[in-house]
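Participant: Can you keep this structure in mind? I'll have questions shortly.
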Amino acid sequence: MAKAPSPAKQRAATASPAAWKRFSLGAIALLGGTLLALGAGYAMLERSLPSVLPLEAGVESGQFDRPDGILPNPPVEVDRLPEVMVNAVVAIEDRRFYQHGGVDWPGIVRAAIANVAAGALREGGSSITQQLAKNLYLSPERTWQRKLKEIVLAREIESVLTKSEIVAYYLNRIYFGSNAYGIGAAAEVYFDKPAEHLTLGEAALLAGLLPAPSVYSPHVNPDIARMRRDLVLEEMVENGFISPAAAAAAKTLSLRVVPLRSLRPSLD
């Protein structure tokens with residue numbers, strides 16, 4: 001004859017369904033409240049940010065300031081940006097640029113893990129679109145609040161511009177060092193040529209400057225600049241933009257940058 005369950009086990013069996021139901025309802029309520037709070041916070045943050053609707057492709061490349069004046073530099077239009085320059089920047093700055101909707105979530109997670117390990121906000125994990133949002137609308141401070149604003153603005157920018165237009169904005173505004181703002185100015189300052197005529201090696205060198213232009217400057221640290229150029233070339237191979245043979249050939253070339261010179265404002 002089977003032994004009857006003890007009174008304690010009978011009470012546990014009877015209480016389990018009711019307890020589990022209460023737990024489930026509590027968890028659902030907690031999750032719902034959290035989602036509502038996040039949604040409300042996102043809406044408030046979105047309303048506090050500037051509108052991106054005035055954006056149009058072909059933003060001015062800006063100016064590069066010299067000690068003796070300012071030489072205006074016109075923007076390089078979308079269809080005149082050299083493909084090697086676009087590919088070099090995407091390869092080194094945002095390899096999933098054409099796959100994400102403005103925010104590279106795997107990149108942000110990777111950066112967050114690195115920041116937690118370092119105990120400080122060291123890496124940003126920002127996509128090209130996020131960098132553009134920061135450049136256009138936000139301060140350079142490294143805080144979680146600014147990162148959240150970047151994310152909201154980046155998604156807005158992706159809703160009004162094509163990927164090609166975003167790259168054009170980015171390249172026409174970003175700082176390349178040596179007082180060169182925008183790809184048009186950078187091509188003139190470093191190679192004394194229009195941006196449309198940049199070679200593979202030259203584009204890789206300029207893309208390599210972006211994280212720290214003063215540190216990676218070929219005028220200041222040519223050996224480090226060469227290492228950065230070669231890293232960009234390797235990333236371009238990894239991302240399928242160029243062949244290993246093309247990268248190897250570009251690595252054999254000298255940097256060929258022109259000396260810094262004093263440029264006076266155009267009088268035209």
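Participant: Please pick out the residue among Arg142, Arg146 that is free of Cβ contacts under 8 Å to residues at least 40 places away in the same chain and not in a helix (DSSP H, G or I).
Facilitator: Criteria check complete, one pass: Arg142.
Each row is one residue, and each column tells you yes or no for (1) in contact with a helix residue (DSSP H, G or I) (Cβ under 8 Å, 6 or more places away or on another chain); (2) in a helix (DSSP H, G or I); (3) open to solvent by 20 Å² or more (accessible area, probe 1.4 Å).
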{"residue": "Lys134", "(1), (2), (3)": "yes, yes, yes"}
{"residue": "Glu150", "(1), (2), (3)": "yes, yes, no"}
{"residue": "Val167", "(1), (2), (3)": "yes, yes, no"}
{"residue": "Asn172", "(1), (2), (3)": "yes, yes, no"}
{"residue": "Asn179", "(1), (2), (3)": "yes, no, yes"}
{"residue": "Ala186", "(1), (2), (3)": "yes, yes, no"}
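Participant: Go over the candidates Tyr181, Tyr169 one by one and state the one that is within 24 Å of Val76 (Cα to Cα), of a type in the set (Ser, Thr, Tyr) and in contact with a strand residue (DSSP E or B) (Cβ under 6 Å, 6 or more places away or on another chain).
Facilitator: Working: Tyr169 fails: in contact with a strand residue (DSSP E or B) (Cβ under 6 Å, 6 or more places away or on another chain).
After applying the criteria, what remains is Tyr181.
Okay, residues lined up against (1) at pLDDT below 90; (2) not aromatic (Phe, Trp, Tyr):
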| residue | (1), (2) |
| --- | --- |
| Arg96 | no, yes |
| Gly101 | no, yes |
| Val109 | yes, yes |
| Tyr169 | no, no |
| Asp192 | no, yes |
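Participant: Criterion first (open to solvent by 60 Å² or more (accessible area, probe 1.4 Å), out of contact with any helix residue (DSSP H, G or I) (no Cβ under 7 Å at 6 or more places or on another chain) and small (Gly, Ala, Ser)) does Ser214 satisfy it? Reasoning before the result, please.
Facilitator: Working: open to solvent by 60 Å² or more (accessible area, probe 1.4 Å): yes; out of contact with any helix residue (DSSP H, G or I) (no Cβ under 7 Å at 6 or more places or on another chain): yes; small (Gly, Ala, Ser): yes.
Taking the combined requirement at face value, the residue satisfies it.
Participant: Here's something else I'd like to know. Does Ala154 satisfy the criteria of being modelled with pLDDT under 80, part of a helix (DSSP H, G or I) and not hydroxyl-bearing (Ser, Thr, Tyr)?
Facilitator: The answer is no for Ala154.
The values are calculated or read from the model by the stated rules, or taken from the named source; none is laboratory data. Quick caveat: nothing in here was measured; it's all calculated off a predicted structure. Reconstructed Cβ throughout: ideal geometry from the backbone, glycine too, with neighbour counts over all protein chains shown. Each accessible area value is taken on the protein alone, full model and side chains, heavy atoms only, with ligands, DNA and RNA left out. Shrake-Rupley method; radii C 1.70, N 1.55, O 1.52, S 1.80 Å.
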